[in-house]
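First up is the structure itself, then whatever we jot down about it.
The values are calculated or read from the model by the stated rules, or taken from the named source; none is laboratory data. All figures in this text were calculated on a predicted structure; none of them were measured in a lab. Using ideal geometry, Cβ is built from the backbone for each residue, glycine included, and neighbour counts are taken over all protein chains shown.
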Amino acid sequence: MGTKADDQLPELTPKQSAFVMALELTRLREQALDVKQVAAAVQAEHYRGKAAGLYEDRLRLSSGPSDAELIKSIRALLGDDVAKAISVGLGVPSGTA
């Protein structure tokens with residue numbers, strides 16, 4: 001359903017696509033600020049950071065025992081089945097836990 005102009009656009013690499021998306025989000029942020037829509041501007045900036053890879057979708061603890069150490073303790077206290085279920089939930093490979 002593309003137009004002739006769309007059909008002539010070159011394929012973009014993932015890196016190029018992220019750059020184009022960041023430019024568009026910058027434009028949307030500025031447009032939102034121009035009409036005093038601060039919340040929309042903040043959201044555009046947030047998504048621009050996500051597109052740039054600045055944010056992780058997962059919450060990780062930066063202090064205390066590692067996920068693997070926690071899984072090992074859980075395995076000792078509650079057994080393999082519980083440890084495996086938690087390991088899957090944390091995204092920790094079962095071989096390291």
(request) State which residue is farthest from Ser87 (Cα to Cα) when the search covers only the range 63-74 and only residues that are touching a Ser or Thr at 6+ places or on another chain (Cβ under 9 Å) and in a helix (DSSP H, G or I). (result) Ile74
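Yes/no per residue for (1) in contact (Cβ under 8 Å) with a residue 12 or more places away in the chain; (2) among the aliphatic types (A, V, I, L, M); (3) exposed (fewer than 12 other Cβ atoms within 10 Å of the Cβ):
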position: Ala32; (1), (2), (3): yes, yes, no
position: Val35; (1), (2), (3): no, yes, yes
position: Ala39; (1), (2), (3): no, yes, yes
position: Val42; (1), (2), (3): no, yes, no
position: His46; (1), (2), (3): no, no, no
position: Leu54; (1), (2), (3): no, yes, yes
position: Lys72; (1), (2), (3): yes, no, no
position: Arg75; (1), (2), (3): yes, no, no
position: Asp80; (1), (2), (3): no, no, yes
(message) Being exposed (fewer than 10 other Cβ atoms within 10 Å of the Cβ), more than 30 Å from Glu45 (Cβ to Cβ) and at pLDDT 75 or above is the filter here; which residues of the range 82-97 pass it?
(response) Gly89
